[in-house]
Amino acid sequence: MAVAENTLTTVERTHDTPIWQPRFEVDGSDVDVARYLSGEPENMISYSLVTTPTTGRVISLAVNLGATGGVSVGDMVKRGKSVVALVYALERMGLSTELFADSQSGSRDLRPETTREMVKVKGASDALDPAMIMFALAHPSFYRGLLFASMHAHPARFHEPLDIGRSYGNVLRDLPNDVFPDGCIVLNTAMRPSDLNVSDAEAFVVKHLKELGLI
């Protein structure tokens, strides 16, 4: 982490951040003693959330959660933990992260139909919620439960080519990334049984930080 912090290179980006803005009112959660003693009626302070544009260091990260039926639950959990470790490494380096969960599916018989489910798990201004991040990126039920279920809402013409309800199509890794913000870093971690294991979180984090030019 010390090496990463000393060699960090990234871009600045403007994003909306909620801040607490104080206002003087006749009621509120705090009292301004000086205004009270001077007889000013509006001597109480109330606070409201106001969205304000902020410029800061932001990394947009998209994770391809795809995994074929032959991939074990254990391997999906190990992959997710490694990805979450990378997210934590970026946050500890003082970066705000914007996280997207991605799932790409294609026809099993080479027909042109493809679909994609993309979920924004965390915005740049959102606090890092460990439970939410771990569930979205490391729990198999997010992919094999929620994302598969969402495919049933696709137009009818996709159901037969992608075998929705049974195999849910072939796992893809190469659909265009123009659905994500400019500069978004896409981790193509979609897995097949023959893929290398990503259970070594430290090696995974170091590998991707080097690829991103952060160390």
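The values are calculated or read from the model by the stated rules, or taken from the named source; none is laboratory data. Fair warning: this is a prediction, and the values are worked out from it, not measured in the lab. Heads up, the Cβs are rebuilt from the backbone with ideal geometry, glycines too, and the neighbour counts pull from every protein chain shown. Surface accessibility is based on the protein's heavy atoms, side chains included, excluding ligands, DNA and RNA. Shrake-Rupley method; radii C 1.70, N 1.55, O 1.52, S 1.80 Å.
Do you know which of the residues in the stretch 81-111 that are among the acidic types (Asp, Glu) and modelled with pLDDT under 90 is surrounded by the most Cβ atoms within 10 Å (Cβ to Cβ)?
The qualifying residue surrounded by the most Cβ atoms within 10 Å (Cβ to Cβ) is 98.
Exactly one of these conditions fails for residue 114: (1) out of contact with any Leu (no Cβ under 7 Å at 6 or more places or on another chain); (2) surrounded by fewer than 21 Cβ atoms within 10 Å (Cβ to Cβ). Give me its number.
Exception for residue 114: condition (1).
Filter the stretch 164-174 for residues that are crowded, with 16+ Cβ neighbours inside 10 Å and in contact (Cβ under 8 Å) with a residue 40 or more places away in the chain and give the result.
Once the filter is applied, which keeps residues that are crowded, with 16+ Cβ neighbours inside 10 Å and in contact (Cβ under 8 Å) with a residue 40 or more places away in the chain, the stretch 164-174 yields 168, 169, 170, 171, 172.
Mind checking whether some residue in the stretch 62-73 is open to solvent by less than 10 Å² (accessible area, probe 1.4 Å), touching a residue at least 12 places away in the same chain (Cβ under 8 Å), over 16 Å from residue 190 (Cα atoms) and not charged (D, E, K, R)?
No; the residues of the stretch 62-73 include none that is open to solvent by less than 10 Å² (accessible area, probe 1.4 Å), touching a residue at least 12 places away in the same chain (Cβ under 8 Å), over 16 Å from residue 190 (Cα atoms) and not charged (D, E, K, R).
Answer yes or no as to whether residue 131 is surrounded by 16 or more Cβ atoms within 10 Å (Cβ to Cβ) and under 30 Å from residue 206 (Cα atoms).
Judged against the criteria, residue 131 is not a match.
Only one of (1) outside any loop (DSSP other than H, G, I, E, B); (2) out of contact with any strand residue (DSSP E or B) (no Cβ under 9 Å at 6 or more places or on another chain); (3) not small (Gly, Ala, Ser) fails for residue 137. Which number is that?
All conditions are met except number (2).
Provide a single number: the residues in the stretch 1-44 that are within 30 Å of residue 184 (Cβ to Cβ), surrounded by fewer than 11 Cβ atoms within 10 Å (Cβ to Cβ) and either at pLDDT 80 or above or polar (S, T, N, Q) (or both).
2
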